[in-house]
1. Want the number for ARG246 to LYS96: 0.36 nm per residue separation, take away the alpha-carbon distance, what's left?
2. Suppose the chain between GLU27 and ARG373 were pulled fully straight at 0.36 nm per residue; how much longer would it get relative to their current alpha carbon spacing?
3. Starting from the Cα of MET487, step 7 Å along the direction of its Cβ; do the same at VAL392; then give the gap between the two resulting points in nm.
4. Taking R0 as 41 Å, what's the FRET efficiency between ALA292 and TYR426 from their Cβ-Cβ distance, rounded to 0.05?
5. Within the stretch 192-280, list the chymotrypsin sites (Phe, Trp or Tyr not before Pro) lying in a DSSP loop whose Cβ has at most 12 other Cβ atoms in a 10 Å radius.
6. Give the lysines whose C-alpha is closer than 28 Å to that of LYS353, dropping any in the same chain fewer than 8 places away, or say none.
7. When the helices in the chain are scored as -39500 (n - 2.57) per DSSP H run of 4 or longer and the sum is shared across all residues, what 222 nm value do you end up with, to the nearest 500 deg cm²/dmol?
8. Can you give the % of DSSP beta bridges in the chain that are antiparallel, to the nearest 5?
Amino acid sequence: MGRVFIIGAGPGDPGLITARGVKLLSEADVIVYDRAVEAALRWARPEAERIAAGAPAEKETAQDAISMLIAEKARDGHTVARLKWGDPFVFDSGAKEALFLHEQGVQFEVVPGVPAAIGASAYAGIPLTYPGAGDALVLLRGHEDEAGRVPDIDWEALARVDGTIACYAGGRLIPTLLQKLLDHGVAPDAAAALIVGGTLPSQRTIAATVGELLERTSSETPSETALLIVGEVSSLREHLRWFDERPLFGRKIVVTRSQEQARELVDALENLGAQAIEAPTFRLTPPEDPEAVDRAAASVDEYSWVVFESANAVARFLSALSRGPRDLRALGRVRICAIGPSTSDRLASHGIKADVNVPELGAESIGDAIEARGSIAAQRVLVVRPDHLRGVVGEDLERRGAAVTDLVAYRTAAASQDSPAAQAIYRMLLDGQIDAVTFTSPTAVTRFAQLIGEEQAADLLNTTVVAPIGPVTAAAATELGITSTVMPETFTVDGLVKALVARFKH
């Protein structure tokens, strides 16, 4: 018998899931998740089975099917993560699912999450409680299933509450709630706020009075669910807002790195408020001769230099080294060249400092940098690379007299143009919804052009900001007729992000 973990993922921002939630999610065999928290799947194992279970607060028949599904998966011996929007026990069906598991004799654990009322209000700069702003906080069910049903409560008593009322409700129910409050004694000039898309880069907040909000939502009914806050605390937003003040807030920026390397850039962009959209540009696959990597790692101390052309090349090679009879001490007398800042960082994460760091891939600059440390004539050099970068570095080193071993550590397979993610990015580019596209290597440029269609790539990309990490990558874009809009001062992920901030600041 397996076990079920009912995990609250928070109201949208994947960074709001708890540390325990991340740990359990990373260990799960099966993940049954609300569509609204799909972004939190970044913490899951790639090989875990993923089952989309619909929206939060599903209708009763759908909810019964979900409960039976997670119980069945647990009976099959799997560790199941039931990933839920917000908090499982706050106006959600988590308790119903837990009760079903209890009746079925399935072990479960509940991991709390940040409720929408708590998370969205904090991201909007509105404290739900504040000294002098009343002594009560009322969380009101808004029927998140958007059935349009008005909560069955004592509205007169609610209107007399000295404090804050918070209600997460379907858009078409918002005007009805506001009218109910006015009809039962809430003053039209009482402070209020409406938060749509709370904790997401698309978050929108309207701070007004109850009367003004009623007028606005009656004529422009929100199509999405939203958090309604009524109380004096709403007036503090202009002093406490922070989330939508960040330099890249609301910008949609495409990241074209492989999934294994995208995290650093995605995190940097999201920390500044952007919506990072990962493009399925390519995926990594094993080399044609996997044993060649093992053989090279076992004899690495026979080389004078090892040149790593990518961070993934480092990861694959060091993994092979640890699997074999040797360890990092075999690199003691070997000089190391790292191409690109990500490659240097990956080596540093293993406690290895490269002797030579080259910002971008360029055969002559790499050879010159290595020869600055001394002649390489008649010396053995191991070049560890992906298949798509060809052997230009090794060829240049051979011309300088080195005995080069060219090792392909992994291959990259092009992503399908027909994938839902690729189609979505294409449509957003076509509709002018993308603010910037980033490229961290020449390969990313060519593969992304193939993904959206080489014939129209230049036309689509020249309508938005194109941000290469350096001149070599920019040159690859130019060859395809794509104009680079920004150029970092330093050819690193950090430099790329700073260049984007500077661009959008103006």
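1. Extra length available between ARG246 and LYS96 comes to 50.1 nm.
2. Details: separation 346, 0.36 × 346 = 124.56 nm, distance 4.60 nm.
Extending this stretch completely gives an extra 120.0 nm.
3. 1.7
4. Working: r = 38 Å, r/R0 = 0.92.
Plugging the Cβ-Cβ distance into 1/(1 + (r/R0)^6) gives 0.65.
5. Working: sites: TRP242, PHE243, PHE249; in loops: TRP242, PHE249.
In loop regions of the stretch 192-280 (DSSP not H, G, I, E or B), the sparsely surrounded chymotrypsin sites (Phe, Trp or Tyr not before Pro) are TRP242.
6. LYS498
7. Values: 19 runs with 183 residues, N = 506.
Using -39500 (n - 2.57) per qualifying helix, the result is -10500 deg cm²/dmol.
8. Details: 21 of 75 bridges.
Taking every DSSP beta bridge with both residues in the chain, the antiparallel ones total about 30 percent.
The numbers here are math on the coordinates, done by the rules we state, and not lab data. Bear in mind that the values here come from a model prediction, so they are computed numbers and not experimental data. Every residue, glycine as well, gets a Cβ built from its backbone with ideal geometry; the counts of neighbours run over all protein chains shown.
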